[in-house]
1. Can you tell me which of (1) open to solvent by less than 20 Å² (accessible area, probe 1.4 Å); (2) at pLDDT 90 or above is the one Ala120 doesn't meet?
2. Within segment 123-148, how many residues turn out to be open to solvent by less than 20 Å² (accessible area, probe 1.4 Å) and part of a strand (DSSP E or B)?
3. Could you list, in sequence order, all residues of segment 46-79 that are part of a strand (DSSP E or B), open to solvent by 10 Å² or more (accessible area, probe 1.4 Å) and touching a residue at least 12 places away in the same chain (Cβ under 8 Å)?
4. If Ser107 meets every condition in (1) open to solvent by 40 Å² or more (accessible area, probe 1.4 Å); (2) modelled with pLDDT under 90; (3) farther than 20 Å from Val226 by Cβ apart from one, which number is that one?
5. Based on what the data block shows, is Arg96 surrounded by fewer than 19 Cβ atoms within 10 Å (Cβ to Cβ), in contact (Cβ under 8 Å) with a residue 12 or more places away in the chain and under 15 Å from the mean Cα position of the chain (by Cα)?
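The values are calculated or read from the model by the stated rules, or taken from the named source; none is laboratory data. Computed from a prediction, not measured in an experiment: that's the story for all the values here. Virtual Cβ from ideal backbone geometry, glycine too; neighbours counted across all protein chains shown. The protein model used for the area step is the full one, side chains on, heavy atoms only, and it has no ligands, DNA or RNA in it. Shrake-Rupley method; radii C 1.70, N 1.55, O 1.52, S 1.80 Å.
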Amino acid sequence: MPKRPQNYYRPKTIDEVLKLLAQPDTAPLAGGTRLLANDVEPNSVVDLQDLGLSGFSREGGGLRIGAMTRLAEIHDHEIPDLLKLAVYRAGPNTFRNAATLGGVIGSREPDSELLALLLAMEAELLFADRDSLPLVDYLTPDDRPRGLITEIRIPRIEGAGGLERVARTPADTPIVSVAVWKTHHLTVGASGISPRPSLVDPDHLQVTHPGDFRGSVEYRKAMLSVLLRRAMEAVND
């Protein structure tokens, strides 16, 4: 069972939050789903509920979502069907009613379809204590940049043909996602690789995941090849 934190804070301003988070063994508390699942919790938690970091706004053809917006709220909002599906598949109803988008991103789960989709949609993170950062850079394991996420910006959810399909395979560095656009642009994870025949050859694929109970490295490489082939077939339809 996870231990109970010794200190609980619920500040009203971001400045207060940043001062508290600067203390050792202190973590932010959003929906609480990650902390409740951990065997070891920090000594102190800082509740972010009173900061007003939830909600939606349109920006041109894109969307801005507050980091404290719960997944259930996002699912009920007018968003692309693919994003709605990814939110729905992020977890059961009890999870979606508690988990926040910022918390899901901060957890960096390697098999999250929602994170894979946000990668493919070129999401950008806004912070209270540092410059904005593309999601793909935030998920890069080297130095793993931290910070208090305040908002998630998706640059385009409409126009330009729109996002047609997404597939993914779990990976550590970062999540690998395959997106097919009606404009015939294929993006593989963060690398921006253009479609070519060698991509569907498992011998040419790099899979960094070490393998686990869900599948071996060989299985993941084979499935990535299948996903890439299906994506390119969709592009050529």
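1. It is condition (2) that Ala120 fails.
2. Total meeting the criteria: 1.
3. Within segment 46-79, the first condition is being part of a strand (DSSP E or B), and the residues that meet it are 46-47, 56-59, 62-66, 70.
If we keep only those that are open to solvent by 10 Å² or more (accessible area, probe 1.4 Å) too, we end up with 56-59, 64, 70.
Correct list: Phe56, Glu59, Arg64, Arg70.
4. (1)
5. Criteria not met by Arg96.
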